[in-house]
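To keep things clear, I will list the structure first and then write my remarks on it.
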Amino acid sequence: MDESDRAVRLARVKALAEETFADGLKANRWLHRELPLLDGRRPIDLIRTQVGARMVEDLLADIAWGATL
């Protein structure tokens, strides 16, 4: 069950990143980049937990809405 939950989170966040950046390659690079806004952590690592996935989703929403980060 845990593994399937992680797979669903990954798919959901990856789709959101691709939608946000309008480019699968850009989304993939962003997911694997260490980000200062995430205390130097990579989004791909954070989505292993529901709380981490929510943080990444919130950040992507801010980006999509044009928030100054």
- Span per principal axis, largest first, for the Cα atoms of the chain (Å): 37, 25, 18
- Task: Quickly work out the Glu34-to-Asp62 label distance, labels modelled 7 Å from Cα along the C-beta direction, and quote it in nm with one decimal.
- Result: 1.9 nm
- Given a Förster radius of 35 Å and the C-beta distance between Leu25 and Val51 as r, what FRET efficiency does 1/(1 + (r/R0)^6) yield to the nearest 0.05? 0.80
- Pick out, in residue order, every one of the GluC sites (Glu not before Pro) in region 6-48 that is DSSP loop and has at most 11 other C-beta atoms within 10 Å; say none if there are none. Glu34
- Check each of the trypsin sites (Lys or Arg not before Pro) in the chain and keep only those in coil by DSSP with at most 14 other C-beta atoms within 10 angstrom; list them in order. Arg33, Arg48
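Bear in mind these aren't lab numbers, they're just calculated from the coordinates by the rules spelled out. Quick caveat, the model's predicted, so the values are computed rather than measured. Quick reminder, even Gly has a Cβ in these numbers, built from the backbone with ideal geometry, and neighbours come from all protein chains shown.
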